[in-house]
Amino acid sequence: MQNGYLTLETGEVFEGVLIGADKDSLGEVVFNTSMTGYQEIITDPSYAGQIITFCYPIIGNYGINAIDNESITPALSGVIIGDLCETPSHYQSINKFSENLKDAGVPGIANVDTRLLVKTIRSRGTVKGYLSKTKNIKNLESDNSSFWVEKVSTKKIQSFKNNGPHVVLMDFGYKKSILNALLDENCAVTIVPYNTSYEKIKSLNPDGVLFSNGPGDPMDLKKWFPDIKKISQNYPTLGICLGHQLIALAYGAKTTKLAYGHRGGNHPVKELFTGKVKITAQNHGYVVVDESIDNKVFDITYRNVNDRSIEGLKHKNFPIQTVQFHPEAHPGPSDTEYILKDFVSQIASMGETVYAIK
């Protein structure tokens, strides 16, 4: 294996050995605290443009299987790990982690002191980094800004037939597990591109709409806030992660970027109406600003136990609810899977009622 380097824009350099695709890469360096689920994580479209650091010390021990990908093609910019396991052991394994990265065209670096790297990110805030065969900080001056949602969203409408309620899934970078959760609830699902208009949604005659997770700054989608608001006023709506942020923004709230985000499968969230704490899977770098929420329009339904950030909203008049975490939790705990079930039950019971005041 060839030596490689991760150079941070703040000047720190981390040495390791290169794995995966043979190419340099620039991206926002983030970390995930999950103890398992590396295959789902690297195929989550929400990581588009980012270089993921795995906190768990060994990666690749159970290989790669044929069923757990969250997207067809990984969109992340790179992977950083501590120990690489090249002898996976699992009855469903069909490939090694390193070979899978290579096949997907994703560069990575192993044998990195990931504890020190995570401590650096926590002290510096999320930083840009460059993966390369050489220590080359000048490449960090390159602009890595991109409209990532456009890159990961479907380009055409896709339909999945079923006997239950019809849900339109607005694709900002959806995970396959969200689709599977809806199909498991017997929903017919139509997946549409992120920029689909209200009029087009109306022509599809859905019973409900789900705004998905996705990558990047939610303000990049400002152009579509009017359509997002109109859609949510006309159909029972659930927003997940980026979808939660977009709905809040569409109703006049603001978002801000966290120092180093919430990414992992062990984030405690308090359900305010019951006082119960749920353990959730999360993957986001932005949050809705507390002071920007109009309490005459929304109730705050969930808060993060660690930093008190907003984790969920419920509209006072329309059947709209949002969550910052992932109720489908793949990988992660199943504490909040009831949110998707309740959403489907709600739209099934409401039928074809029209909610908006025309």
Contacts under 9 angstrom Cβ, first residue in the stretch 192-209 being at pLDDT below 95, partner not in a loop (DSSP other than H, G, I, E, B), 6 or more apart = none
request  = Report the residue count in the stretch 239-257 for those that are touching a residue at least 40 places away in the same chain (Cβ under 8 Å) and either over 19 Å from Pro45 (Cα atoms) or surrounded by fewer than 24 Cβ atoms within 10 Å (Cβ to Cβ) (or both).
outcome  = 6
request  = Taking Leu6 as meeting all but one of (1) crowded, with 22+ Cβ neighbours inside 10 Å; (2) closer than 22 Å to His244 by Cβ, write down the number of the exception.
outcome  = (2)
query = How many residues does the stretch 44-89 contain that are part of a loop (DSSP other than H, G, I, E, B) and on the phi < 0 side of the Ramachandran plot?
reply = 27
Sole residue being of a type in the set (Asp, Glu), over 17 Å from the mean Cα position of the chain (by Cα) and closer than 22 Å to Glu328 by Cβ, chosen from Glu311, Glu271, Glu291 = Glu271
request  = Identify the single condition in (1) part of a loop (DSSP other than H, G, I, E, B); (2) closer than 15 Å to Val112 by Cα; (3) within 20 Å of the chain's Cα centre (by Cα) that Val29 does not satisfy, given that it satisfies every other one.
outcome  = (1)
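If I filter the stretch 93-115 for residues that are basic (Lys, Arg), more than 29 Å from Asp217 (Cα to Cα) and in a loop (DSSP other than H, G, I, E, B), do I get at least one hit?
Yes.
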key: Matching residues in the stretch 1-23 - criterion: being touching a strand residue (DSSP E or B) at 6+ places or on another chain (Cβ under 6 Å), over 18 Å from Lys96 (Cα atoms) and of a type in the set (Gly, Ala, Ser)   = Gly4, Gly16
query = Is there a residue being surrounded by fewer than 17 Cβ atoms within 10 Å (Cβ to Cβ), β-branched (Val, Ile, Thr) and closer than 18 Å to Gly261 by Cα anywhere in the stretch 273-282?
reply = no
request  = Count, please, the residues in the stretch 51-75 that happen to be open to solvent by 20 Å² or more (accessible area, probe 1.4 Å) and among the aromatic types (Phe, Trp, Tyr).
outcome  = 2
Selected residue (criterion: farthest from Ile42 (Cα to Cα)) from residues of the stretch 303-330 that are open to solvent by 30 Å² or more (accessible area, probe 1.4 Å) and of a type outside the set (Lys, Arg) = Asn317
message = Quick check on the stretch 306-325. Is at least one of its residues out of contact with any strand residue (DSSP E or B) (no Cβ under 8 Å at 6 or more places or on another chain), without any contact (Cβ under 8 Å) to a residue 24 or more places away in the chain and basic (Lys, Arg)?
response = yes
request  = State which residue pairs qualify: first residue under 19 Å from Cys85 (Cβ atoms) and open to solvent by less than 10 Å² (accessible area, probe 1.4 Å) and inside the stretch 103-130, second residue part of a helix (DSSP H, G or I) and of a type in the set (A, V, I, L, M, F, W, C) in any location, beta carbons under 6 Å apart, and separation of 6 or more residues or different chains.
outcome  = Gly108/Leu101
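The values are calculated or read from the model by the stated rules, or taken from the named source; none is laboratory data. Everything quoted here is computed from the prediction, not taken from an experiment. Please note: Cβ atoms are built from the backbone with ideal geometry, for glycine as well, and neighbour counts cover all protein chains shown. All accessible areas refer to the heavy atoms of the entire protein, side chains included, with ligands and DNA or RNA removed. Shrake-Rupley method; radii C 1.70, N 1.55, O 1.52, S 1.80 Å.
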